[in-house]
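**Q** Submitted below is the structure of interest, expressed as structure tokens.
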Amino acid sequence: MEDGKGSIPSELIVKVAELELSSSLEARNRLLDENSAAFRWIFASLLTVNGGAALAGFSSDNITKCGKLVSGVSFVTGIFFALLLAYFTMKSCEKGVKPTGEIAGFWVDTMWSGEFDEELLQQRKKQFVSATRHYNLASSFVGWISAICFLVGAIAMGVYLK
């Protein structure tokens, strides 16, 4: 208490570290489950709507050849971007594993040492964001492009009706 501020007892730091570790691991697991379920739903939907629309367009006698070509290219492009969505999401998860483990390791170290290092915690969190940022942005971008390809293809089918 030399500078007028009280020091935090190490027992309290250890208890808080235990709670933080437990809650962060629980939150991480919950987020991974929710993210995984949402990803599977979005990925399957994008593949299904683009693939189904491509089949419907190619098999229809009510769409001109030009309409089949324009919509078909759009739907196939949508399928390609949906597959890119899967790839970038997979890479994002892969890149996030190590930083997530380092954050958990930070709390374990804090529990053992009884010392809290705010700067190190912020550094670990920044490492996580930095490791996953590009893949997260790419996943969002290609997912939206896939959805837009479906819309363009659907509009093309409507415009080129016989």
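**Q** Let me see the P(r) profile for region 18-113: every Cα-Cα distance counted, bins of 5 Å, each bin given as a percent of all pairs.
**A** 2, 12, 15, 14, 11, 10, 8, 7, 6, 5, 4, 3, 2, 1, 0
**Q** How would Phe39, Phe75 line up from fewest to most surrounding beta-carbon atoms within 10 angstrom?
**A** Working: Phe39 18, Phe75 28.
In increasing order of surrounding Cβ atoms, one gets Phe39, Phe75.
**Q** Tell me which of Thr132, Ala86, Gly153 sits at the most positive position along the dipole axis of region 10-159, charges placed on C-beta atoms (Lys, Arg +1; Asp, Glu -1).
**A** The residue sitting most towards the positive pole is Gly153.
**Q** In addition: For region 1-74 and region 92-133, what is the centre-to-centre distance using only Cα atoms, to the nearest Å?
**A** Each part reduced to its Cα centre gives a spacing of 20 Å.
**Q** Among (1) 21.8; (2) 19.0; (3) 15.9, find the value of Kirkwood radius over Cα pairs in Å that was calculated from the structure presented, and write down its label.
**A** Of the listed options (1) 21.8; (2) 19.0; (3) 15.9, (2) comes from this structure.
**Q** Check each of the GluC sites (Glu not before Pro) in region 1-94 and keep only those in coil by DSSP with at most 14 other C-beta atoms within 10 angstrom; list them in order.
**A** Details: sites: Glu2, Glu11, Glu18, Glu20, Glu26, Glu34, Glu94; in loops: Glu2.
Within region 1-94, the qualifying GluC sites (Glu not before Pro) (loop, at most 14 other Cβ atoms within 10 Å) are Glu2.
**Q** Taking a cut-off of 29 Å between Cα atoms, list the lysines near Lys65, but don't count ones fewer than 8 places away on the same chain.
**A** Here the lysines satisfying the reach criterion relative to Lys65 are Lys162.
**Q** Using DSSP to call loops (not H, G, I, E or B), can you name the chymotrypsin sites (Phe, Trp or Tyr not before Pro) in region 95-153 whose Cβ has at most 14 other Cβ atoms within 10 angstrom?
**A** The qualifying sites: there are none.
**Q** Here's another thing I want to ask about it. Using Cα pairs under 8 angstrom and six or more residues apart, how large is the relative contact order of region 10-159, in percent?
**A** Values: 141 pairs, mean separation 60.6, N = 150.
Relative contact order here is 40 percent.
**Q** Hey, which of these cross-link pairs are over 29 Å Cα-Cα: Lys15/Lys125; Lys15/Lys98; Lys68/Lys95? Spell out each step's value before the answer.
**A** Details: Lys15/Lys125 21 Å; Lys15/Lys98 25 Å; Lys68/Lys95 40 Å.
In this structure, Lys68/Lys95 lie more than 29 Å apart at Cα.
**Q** What residues qualify as long-range amide H neighbours of Ile63, i.e. H under 5 Å apart, gap of 5 or more or another chain, H built at 1.01 Å from N?
**A** Lys162
**Q** Right, here's the next one. What does the charge dipole of the chain about its Cα centre add up to, to the nearest 20 debye, if the Cβ of each Lys and Arg holds +1 and the Cβ of each Asp and Glu holds -1? Display every interim value, and only then the final one.
**A** Values: 15 positive and 16 negative charges, 278 e Å.
It comes to approximately 1340 debye.
Every number in this text was worked out from the coordinates using simple rules, so none of it is lab data. All values derive from a computational prediction rather than experimental measurement. Here Cβ is always computed from backbone atoms with ideal geometry, including for glycine, and neighbour counts include all displayed protein chains.
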